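Before any comments, here is the structure.
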Amino acid sequence: MDDRLTESLQAGTLLLIRHGQTAWNAERRFLGRTDIPLDEVGAGQARRLARRLAGGVDVVWSSPLTRALETARGLGDPRVDPELTEMDMGELEGLGGAEVEARFPGLMARWRDEPEAIATPGGETLAEVAARGWRALTRIAGTVGDQRVAVVTHQLLLATVVCRLHAERPGAYRKFMHRNTGITAIEASSLRVRTFDDAAHLD
């Protein structure tokens with residue numbers, strides 16, 4: 001196991017992990033609830049993550065979506081929590097930025113400038129995702145005890161949760177974006193961040 005991560009793998013630790021890459025991630029398409037698998041790159045990232053954390057995780061939680069489950073299964077037998085699912089993108093699912101702008105003029109600019117003020121057409125608001133993610137995090141944190149628990153989830157849910165850990169509004173999520181299979185380690189009892197977006201296994 002990597003020495004830099006070993007320092008964070010003390011008893012009572014939560015490892016918040018983004019899933020591996022999908023084709024839509026690579027193509028920069030909006031991806032929320034659409035259930036697509038890891039692509040070849042993502043599968044390789046998941047294998048590297050599993051090698052890095054081998055023997056270092058006692059319990060694994062996952063979003064029910066395939067891309068998260070495929071990543072989580074390399075770490076153990078995942079328990080599924082539906083509240084760890086990614087933001088529902090509604091009518092934006094599968095679209096690229098130019099396609100969104102064509103269908104919903106001005107939406108991309110508003111998402112950039114005031115993301116908390118909009119609801120994705122037919123989907124969720126950022127605040128709803130943040131609240132749902134926080135419920136899941138605190139519920140799982142309460143079960144950790146002296147174990148080391150991995151939680152495999154998604155970009156926006158993960159970033160908004162880390163916003164709250166840093167006393168930031170959900171709209172500041174861009175400060176806390178994670179690479180695919182990036183790991184943020186937190187102390188479960190205090191919810192103190194130990195490491196952020198550690199993806200040394202991809203180097």
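Screening 75, 126, 156, 165 for residues that are of a type outside the set (D, E, K, R) and over 24 Å from residue 49 (Cβ atoms) leaves exactly one candidate, 126. Applying the condition of being more than 16 Å from the chain's Cα centre (by Cα) and closer than 14 Å to residue 125 by Cα to the stretch 75-92 and asking which residue is surrounded by the most Cβ atoms within 10 Å (Cβ to Cβ) yields 92. Just one of the listed residues (46, 54, 50) is surrounded by 15 or more Cβ atoms within 10 Å (Cβ to Cβ), at negative phi and touching a residue at least 40 places away in the same chain (Cβ under 8 Å), and it is 46.
What's the number of the condition residue 108 fails, among (1) out of contact with any Asp or Glu (no Cβ under 6 Å at 6 or more places or on another chain); (2) open to solvent by 10 Å² or more (accessible area, probe 1.4 Å); (3) more than 20 Å from residue 60 (Cα to Cα); (4) hydrophobic (A, V, I, L, M, F, W, C)? It is condition (1) that residue 108 fails.
The one condition from (1) open to solvent by less than 10 Å² (accessible area, probe 1.4 Å); (2) within 30 Å of residue 47 (Cβ to Cβ); (3) over 11 Å from the mean Cα position of the chain (by Cα) that residue 133 does not meet is (3).
In the set 15, 5, which member is in contact with a helix residue (DSSP H, G or I) (Cβ under 8 Å, 6 or more places away or on another chain) and at pLDDT below 95?
Selected residue: 5, the only one of 15, 5 that is in contact with a helix residue (DSSP H, G or I) (Cβ under 8 Å, 6 or more places away or on another chain) and at pLDDT below 95.
Number of residues in the stretch 115-130 that are within 16 Å of residue 104 (Cα to Cα), assigned to a helix (DSSP H, G or I) and open to solvent by less than 50 Å² (accessible area, probe 1.4 Å): the value is 1. Between residues in the stretch 169-192 that are more than 23 Å from residue 12 (Cβ to Cβ) and in a helix (DSSP H, G or I) and residues that are open to solvent by less than 10 Å² (accessible area, probe 1.4 Å) and polar (S, T, N, Q), which pairs lie under 8 Å by C-beta distance while being six or more apart or on different chains? Listed pairs, sorted by first residue: 170/160; 173/160.
Here residue 112 does not qualify as at pLDDT 95 or above, more than 22 Å from residue 201 (Cα to Cα), charged (D, E, K, R) and not in a loop (DSSP other than H, G, I, E, B).
The values are calculated or read from the model by the stated rules, or taken from the named source; none is laboratory data. Remember, predicted model here, so these are calculated numbers, not experimental data. No Cβ is skipped: glycine too gets one built from the backbone with ideal geometry, and neighbour counts run over all protein chains shown. Quick note on the areas: whole protein, heavy atoms, side chains included, nothing else; ligands and nucleic acids left out. Shrake-Rupley method; radii C 1.70, N 1.55, O 1.52, S 1.80 Å.
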